[in-house]
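The values are calculated or read from the model by the stated rules, or taken from the named source; none is laboratory data. A quick note: this is a predicted structure, and the numbers were derived from the prediction, not measured. Reconstructed Cβ throughout: ideal geometry from the backbone, glycine too, with neighbour counts over all protein chains shown. The accessibility values were calculated without ligands, DNA or RNA, using every heavy atom of the protein model including side chains. Shrake-Rupley method; radii C 1.70, N 1.55, O 1.52, S 1.80 Å.
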Amino acid sequence: MSRRSRRPRAAAPDGAPGGARCTVTVCRGCCCGTPAKVPHLDHAAQLADLRSALAGVAMIRRTDCLDACERANVIVVQPSPEGRRAGGRPVWLGQVNDPGAAADITAWVEAGGPGLADPPGVLDLYAFQPSRRVRNEFED
Ligand code: FES
């Protein structure tokens, strides 16, 4: 266990750990969230489950294509302000097409997310680096 995951975090007035929340961006564009690209996954349930599990913990937002369609379904976990100050950066996850992956994302975000808690090791299988252009457009 790293030092990051043992770090105490203050409770925010709204109950979210560490002050302002992480943001979880769920792509639902031309490929992500479509049975044509990713069959055998209940895409609506994936988004609903994330919204339900992270209610009051993180902001969940749905976005149009993030220009990484070859990795559908794409989810980006952005750090809270506290997490960013601690060195956390947005983490891009691709091929999040297993219900267990969404559960792992939920557990990580509940623990503080980027910069404040180490992600479950299995999320390494999904993490990728988008091109600089895509990353810059997303963060602007
Ligand atoms: S539809 Fe998600 S990256 Fe293009």
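Worth a mention:
- Across the chain, Cα pairs under 8 Å and at least six residues apart give a relative contact order of 27 percent.
- Computed over protein heavy atoms with a 1.4 Å probe, the carbon and sulfur contribution to the accessible area of segment 12-102 reaches 51%.
- Packing here is the average count of other Cβ atoms within 10 Å per residue, and on that basis the peptides 130-136, 50-56, 108-114, highest first, run 108-114, 50-56, 130-136.
- The share of C-alpha pairs in the chain whose separation exceeds 18 Å stands at 52 percent.
- Between residue 34 and residue 70, the contour length at 0.36 nm per residue exceeds the alpha carbon distance by 11.7 nm.
- Candidates 74, 57, 38: whichever shows maximal mean-square fluctuation once the chain is modelled as a Gaussian network with Cα springs under 10 Å: 38
- For segment 71-140, alpha-carbon Rg over 2.2 N^0.38 Å: 1.06
- Free-standing Cys, the chain [no other Cys Cβ under 4.7 Å]: 22, 30, 65
- Cα-based Rg and Dmax for segment 44-98, where Dmax is the largest Cα-Cα distance (Å): 12.3, 33
- Segment 37-76 has equivalent-ellipsoid semi-axes of 20, 14, 7 Å, by the square roots of 5 times the alpha carbon gyration tensor eigenvalues, sorted largest first.
- Computed with the Debye formula from one identical point scatterer per Cα of segment 90-130, without solvent, the log10 of I(q)/I(0) at q = 0.34 Å⁻¹ comes to -1.33.
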